[in-house]
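The values are calculated or read from the model by the stated rules, or taken from the named source; none is laboratory data. Small disclaimer: the values here were computed from a predicted structure and weren't measured. Cβ: placed from backbone, ideal geometry, glycine included. Neighbour counts: every protein chain shown. In case anyone asks, the SASA skips ligands and DNA or RNA and just uses the protein heavy atoms, side chains included. Shrake-Rupley method; radii C 1.70, N 1.55, O 1.52, S 1.80 Å.
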Amino acid sequence: MGWEWLLRARGSSGGRVSWGWGQGAIHGFRETEIAQWSEESREILQRVRDEAFPPGMSQLSLVHVLDLDKSGYIKPHIDSVKFCGCTIAGLSLLSSSVMRLVSEQNPEDWMDLLLPRRSLYILRGPARYEFTHEILKDEESFFDGQKIPRERRISVICRNLPILPAPT
Ligand SMILES: O=C(O)CCC(=O)C(=O)O
């Protein structure tokens with residue numbers, strides 16, 4: 001897969017994309033949302049969508065692209081239910097990283113997920129709603145006792161639409 005399309009797209013959105021993360025949840029980043037993709041990229045995104053979402057599920061047409069510096073990281077958060085439905089599907093590009101999930105109810109209940117570069121993760125169910133997720137900073141980036149060096153990392157994230165309450 002070539003990355004030229006992403007590098008060209010970086011910074012094309014002026015403002016912050018808001019997923020209800022709140023102020024200061026991410027550090028050392030740039031981001032954009034992309035609607036138009038090359039045919040090659042569209043095919044890849046379609047494979048992600050087919051894997052993550054059942055047929056007929058309404059999805060956000062804009063794809064969120066988050067470019068974290070080597071020193072960048074994402075603090076624990078749960079995506080707002082106002083902006084995002086039940087599923088978050090992310091491709092991790094350029095660098096491997098560690099995603100930590102921590103239960104909101106019981107912070108002793110946590111797990112680390114290794115996200116190798118070029119892998120796809122899908123958060124849904126309790127992982128989406130009951131656990132915060134975060135991307136660890138380089139200094140803390142270990143999995144099974146092994147250092148997972150964090151380089152610059154680009155994630156390409158597809159989401160489905162929140163289910164809106166029926167009008168009264
Ligand atoms: O960069 C990632 O893969 C995680 C992004 C994230 O935390 C989110 O979409 O809520």
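Scanning the stretch 129-158 for residues that are away from the ligand (no atom under 15 Å from the Cβ) and within 17 Å of Gly72 (Cα to Cα) turns up Glu139, Glu140, Phe142, Lys147, Pro149. Within the stretch 108-120, residues that are farther than 19 Å from Pro149 by Cα sit with their Cβ atoms under 7 Å from residues that are assigned to a strand (DSSP E or B) and modelled with pLDDT of 95 or more, at 6+ positions apart or across chains, in these pairs: Asp109/Ser103; Trp110/Arg100; Trp110/Leu101; Trp110/Val102; Trp110/Ser103. A single member of Val81, Val98, Val63 is farther than 19 Å from Arg117 by Cα, of a type in the set (Val, Ile, Thr) and within 15 Å of the ligand (Cβ to nearest atom), and it is Val81. Residues that are aliphatic (A, V, I, L, M) and surrounded by fewer than 20 Cβ atoms within 10 Å (Cβ to Cβ) within the stretch 73-97 comprise Ile78, Val81, Leu93, Leu94, listed in sequence order. Candidates Glu108, Glu31: the one that is loosely packed, with under 12 Cβ neighbours inside 10 Å and charged (D, E, K, R) is Glu108.
Can you pull out every residue in the stretch 117-130 that is open to solvent by 60 Å² or more (accessible area, probe 1.4 Å) and part of a loop (DSSP other than H, G, I, E, B)? Explain how you work it out, then say what you get.
Filtering the stretch 117-130 for residues open to solvent by 60 Å² or more (accessible area, probe 1.4 Å) gives 117-118, 120, 124, 126, 129-130.
Result: Arg117, Arg118, Glu130.
Conditions (1) open to solvent by 40 Å² or more (accessible area, probe 1.4 Å); (2) modelled with pLDDT under 50; (3) acidic (Asp, Glu), marked per residue:
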position	(1), (2), (3)
Val17	no, no, no
Gly20	no, no, no
Gln23	yes, no, no
Gln36	yes, no, no
Glu39	yes, no, yes
Leu45	no, no, no
Val48	no, no, no
Glu51	yes, no, yes
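To keep it simple, each residue is scored yes or no on (1) under 30 Å from Ser38 (Cα atoms); (2) assigned to a strand (DSSP E or B); (3) modelled with pLDDT under 95.
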site: Asp69; (1), (2), (3): yes, yes, no
site: Asp79; (1), (2), (3): yes, no, yes
site: Met111; (1), (2), (3): no, yes, no
site: Thr132; (1), (2), (3): no, yes, no
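In contact with a Ser or Thr (Cβ under 7 Å, 6 or more places away or on another chain), without any contact (Cβ under 8 Å) to a residue 24 or more places away in the chain and open to solvent by less than 90 Å² (accessible area, probe 1.4 Å), is that true of Asp138? When the stated conditions are applied, Asp138 does not pass them.
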